[in-house]
Amino acid sequence: MADPIRWARYRWQRLISTEGGEGSSNSSNKCYQSSKTIGKHRIVIPCLGHFKEEYEKVSKLYMNNKIRTTKYTLLTFLPRNLFEQFHRVANLYFLFLVVLNWVPLVEAFQKEITMLPLIAVLTIIAVKDGLEDYSKYKMDKQINNLLTKVYSRKEKKYIDECWKNVNVGDFIRLSRNEIIPADMVLLYSSDLDGICYIETAGLDGETNLKQRQVVRGYSEQVSEIDPEKFSSRIECESPNNDLSRFRGFVEHSNKDRVGLSKENLLLRGCTVRNTEAVVGIVVYAGHETKAMLNNSGPHYKRSKLERKVNTDILWCVLLLILMCLTGAIGHGIWLSRYSEIPFFNIPEPDGKSIPPTLAGFNMFWTMIILLQVLIPISLYVSIEIVKLGQIYLIQNDIDFYHEKTDSTIQCRALNIAEDLGQIQYIFSDKTGTLTENKMVFRRCSIAGQEYCHEENAKRLESYQEMDSEDEDSVDRQCGSSTHMSKWRGHNCRAVNEPLNRKSLNQLSGSYPALGREDGAGDVPHSGHVAFSSPIETDVVPDAQLLEKFSQISFHSYQQSEEASSKLSLETTYITDFFLALAICNTVVVSGPNRPRQKMRVSSLGRMPIKSLEDIRQMFQRWSVRRLSSSPLPSAKESSSESPNTFVSKLSIFRMKLASPALDGAAQRAAEPHNTDSPENSQVPQELAVVDVAAGCERNSAASSMELSPLPKLCYEAESPDEAALVHAARAYKCILQSRSPDQVTVDFAGLGSLTFQLLHILPFDSVRKRMSVVIRHPVSNKVVVYTKGADSVMMDLLRTASEVGTNNSEMEQKKIKERTQKHLDDYARRGLRTLCIAKKVMSDAEYAEWLNHHFLAETSIDNREELLLESAIRLETELTLLGATGIEDRLQEGVPDTIQALRKAGIKIWMLTGDKRETAVNIAYACKLLEPDDRIFTLKSQSRDACALVMSKILEDIQKNTSAKKNPSQKLGNVSASPSTQAPAFSAGLVIDGRTLEHVLHDSLQNIFLELTEKCRAVVCCRATPLQKSVLVRLVRNKLKAMTLAVGDGANDVSMIQVADTGVGILGQEGMQAVMASDFAISQFRHLRKLLLVHGHWCYTRLTNMVLYFFYKNVAYVNLLFWYQFFCGFSGTSMTDYWILILFNLLFTSVPPIIYGVFDKDVSAEILMQLPQLYMMSQKSV
């Protein structure tokens, strides 16, 4: 009884502590929405030491780790299941008939016979529900009894304990390949960098490893944390279902606070990988974990046909009432025609007979019992069976199988298959949905100079994707020119040969099963690493850029330090550009059969030593890297201070300060070293100093490139753009070697290995549209910010002309910005994805001031996201533009043909993307969404009034052109008729950007916008945010009453997929969020053609014909019974046996409609694919 009592106490506390008491008790997710828990925090303390008394009070409010996903128990199964089944109006109707038949005055036939259909239907559904619930019970029991290591305060050690006995505040120790039992804050990791690698496949389906890091302040400990000595308390937000957010802080005994984020949280259901041991403290357990709060059960949507069937049944009820009224009136008239009491009218026990009026009233209810067949009791059950059969046939269609990904279609929603046959609007993402999401580095612009990478373009034109056993031939394809053959030979051997071995390992199972002790499978292989196909990883360097790159050496940086010539500026820009490509990301680095280790000191044996000067510089660089977290104190200070004081000063600028109180000390420690004012430190000169100290290799970079093969490293990226940029930098021998929470190591050709202290990572978000990393350079000891992002926002963040300094630099920066913008526009017209790369150098004083504000944002619980956003925006200003990149994302196979077929089927297609307008339009032309003869209207305005005016003008223009085309005597110059059979002669396309969408979606402009889109054959929305995508879908669905389908492949498409009538997820390379939120999941966009035109048509026509047949056979049989009443005095007598009457729907006529609904094909699949116009038959039926 302890658990129910604790649960009841907990629910009561939640009800009295939550304002408003919103949400019903059967919807647990609503109780935990962040909007309802603002200001409500959770305090987590261990049940150890001096916390025992406080723990007893606090722990009563929290749930333990026992879960129960079942709906029933042995005691509640029967009443609750019957209660749920009688929510259906049809079941209530037949229950009413059963009760009515037990009334003697209106009894039509034997009481037990009337009960059979209802009992049969209720029993079948109850058995099904019981079996489903029993399987959940067995799974719950298995999960609750899993063992994990929990610290016991009695035995003073970790002991095996069942998951169900874990509580909030317990310390848990996990080993490699173990599943995390509850949400816990990471306090210790055996990894030297304080990193824990987890696999979230059990949570979101993604197999890429993700990094989690130990709470700041605990990662420096050498030995495992002792729970008995843990004297801190954790304050965090109340339980919620947001997987991407965790807010809280750790408060130490000295009142210092350290902020907590999602990077410190290990979620229940994830698996520990590549880490020997981790220790954490539980903050959420059981049903309060984020995984359980997101477990909302299977998708359930009501299809349009189901809503129509409910309406038809109501009409049948009205028809039944009309027939019964006719029978009642007829019976009364029949009896009133007899002047005497008829012989067949049995009198009452007192000898009196029932008057005709009362007899007619009783006959009304008798007729309802007799004609009950009109309402098909088995219709709903038959529909469920037919839908299951249709889903089975769809999932087993061999045409949906994709060999490269070894995947087929997934039907996650079982009850809306017929909606696939009525789609009128398709809203599609671009990247990963229409395109392959294989980002290939094509072009770049550095310091205003474009590098076309023509050799790489030739390779891509002739490139053919190969299986793992054929990848050896890639070496021959890569060497497309004699000048690059030696370079490509080393690159291909370094990249492709390991892929062969990894692919073989994948076939044998690269990831170990649970409980496996050996670590052979812990290294991620190519088969499990996204964005790692050869077409993405192999980049042929540009000959011109490679020649300039090879000149980066010690002497070149000496010259650039002394003079700010154009050549030296270009050299430093190239260096910073490739460093930004290698550093500004979240890529995880691993290598085959190589133990992970901290790379704080670069290898001394790699560098050739030729003179005493080289030796001196080598030791200088080595010492600076070790102590790069702070400037060196003067000799006088270091001799007078104690070792502890010296160490504390050195650690002032570690990854993040534990307290802003150290800011003053940070500035004082920086003063002896910061001799130059920020105004006098120019970006090119500073970079030259950095590279001079780092470049200790006297030999030429070109020779070192040819002699040393690329290291065998595996990059695991969260996005394909990051992977493409890292591999591009790798091709130029700027190799990302290792990454830890506090440092990044890059092997730069000609300069050796550089280790950068990683101070902060400001991740990409849809508001800022950029990402930044804050690092401390290992030589100059300056704080440098590298930023990459969309040019639409980056160009506004660059240093203005008055802030640059000298006239030469001012003019050079202005020219670089203008030339780079031209290159960006050219890349967009070519359909390439563009990114701008920039940097910023900060003084220690500026950094300390910014860090003070950032620390307050990190340690706040309420409004943390807003404060962190303000902090990032404050940092990302006055940037220096380094260059831009152009990345190609090729169309998927069969996309143009699919779009043309869908448009012939009468479906309007909108493309919603976050890319630039030029890129989006280029892809729209390539995939035949826009035709060359289309008239393209661009909707771009800065105000709402201007937007309304532009839309009105576009509408007038379209109407004028349309009416002119209808008149044969008038001609329009270069506009030809649309190839679509149903479209008007004049076809238009609409292009709109994200800023204008904000005005268009206002209530006052929605109607005119929808009127405009209805007259356009295609709509392209660029720079659209995820929220704008979902609002657009909802607007079309609600305002136009149209059936909508949304298709996407990434987390930014989830809201759009959930809002649409039918959501389709693409099994792409950006994880499984879209798939898990969708109703159907396919591996290629071209599969949408058969899914809609064939299976959608079949499912709809089969089900509608089956429903019509049900009503037809019931009405036919009831008419026979009703017609017979005219010949038997409306006495409620049946002309057939009662058994035939009762079992007519349930047994005798149930199987043929089901077989028809599952297997019938009115038109063959071949004809439906060849003639998409046939889809309109089902599209406009209901």
Task: Spin-label model distance (nm) - N1105 vs S407, 7 Å beyond Cα toward Cβ - done: 3.4 nm
TODO: Could you do me a favour and compute the accessible area per residue for the range 289-433, 1.4 Å probe, result in Å²?
DONE: 49 Å²
Task: Principal semi-axes in Å for the range 197-296 [√(5λ), Cα gyration tensor, largest first] - done: 24, 18, 11
- [ ] Net charge near A790: determine it from the other residues with C-beta under 13 Å of the C-beta of A790, scoring Lys and Arg +1 and Asp and Glu -1.
- [x] +1
Open item on the list: Net charge within 14 Å of I873 by Cβ-Cβ distance, Lys/Arg positive one each and Asp/Glu negative one each, not counting I873 itself?
Closed with: -2
Open item on the list: Suppose the chain between R890 and S1004 were pulled fully straight at 0.36 nm per residue; how much longer would it get relative to their current alpha carbon spacing?
Closed with: 37.2 nm
Task: Mean projected area in nm² (Cα convex hull; one quarter of hull surface) for the range 109-222 - done: 11.9 nm²
Open item on the list: Checking the a/c ratio against 1.5 first, then a/b against b/c, what shape does the Cα gyration tensor give for the range 1025-1182?
Closed with: prolate
Task: Accessible surface, per residue, of the range 71-228 when the full set of protein chains is kept, probe 1.4 Å, Å² - done: 50 Å²
TODO: Using label points projected 7 Å from each Cα along Cα→Cβ, tell me how many nm separate D226 and I385, to one decimal.
DONE: 7.0 nm
TODO: Select from the range 305-360 those trypsin sites (Lys or Arg not before Pro) which occupy a DSSP coil region and have at most 10 other Cβ atoms within 10 Å, ordered by residue number.
DONE: R337, K352
Open item on the list: For a Förster distance of 22 Å, can you work out the FRET efficiency between the beta-carbons of L1027 and L61, rounded to the nearest 0.05?
Closed with: 0.05
TODO: Mind pulling up the Rg/Rh value for the range 355-430? Radius of gyration and Kirkwood radius, both on Cα.
DONE: 1.37
Open item on the list: Net charge within 14 Å of P1152 by Cβ-Cβ distance, Lys/Arg positive one each and Asp/Glu negative one each, not counting P1152 itself?
Closed with: +1
Open item on the list: Just want the answer: with Cβ charges of +1 for Lys and Arg and -1 for Asp and Glu, which residue in Q390, T408, N437 is farthest toward the dipole's positive end in the range 368-467?
Closed with: N437
Task: Cα-Cα P(r), the range 72-147, percent of pairs per 10 Å interval - done: 16, 36, 25, 13, 7, 2, 0
TODO: Quick one: go through the range 889-920 and flag any residue whose amide nitrogen is under 18 Å from the point 7 Å out along the Cα-to-Cβ line of D1162.
DONE: 905-907
- [ ] Sequence neighbours fewer than 8 away in the same chain don't count; with that in mind, list the lysines whose C-alpha is under 17 Å from K138.
- [x] K66, K71, K128, K164
TODO: Take the Cβ-Cβ distance between L358 and V317 as r, set R0 to 25 Å, and report the resulting FRET efficiency rounded to the nearest 0.05.
DONE: 0.55
Open item on the list: Classify the range 992-1116 from the C-alpha gyration tensor, please: rounded if a/c falls under 1.5, else prolate or oblate depending on whether a/b exceeds b/c.
Closed with: oblate
Open item on the list: Suppose R0 equals 45 Å. What FRET efficiency, 1/(1 + (r/R0)^6) with r the Cβ-Cβ distance, do K940 and I1155 give to the nearest 0.05?
Closed with: 0.20
- [ ] Take the solvent-accessible surface of the protein heavy atoms, probe 1.4 Å, and return the percent of it on the range 139-252 that carbon and sulfur atoms account for.
- [x] 46 percent
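The values are calculated or read from the model by the stated rules, or taken from the named source; none is laboratory data. Treat the numbers as computed from the prediction; the structure is a model and nothing was measured. Positions of Cβ are backbone-derived with ideal geometry, glycine not excepted, and every protein chain shown enters the neighbour counts. We work out accessible area using only protein heavy atoms, side chains counted, and drop any ligands, DNA or RNA first. Shrake-Rupley method; radii C 1.70, N 1.55, O 1.52, S 1.80 Å.
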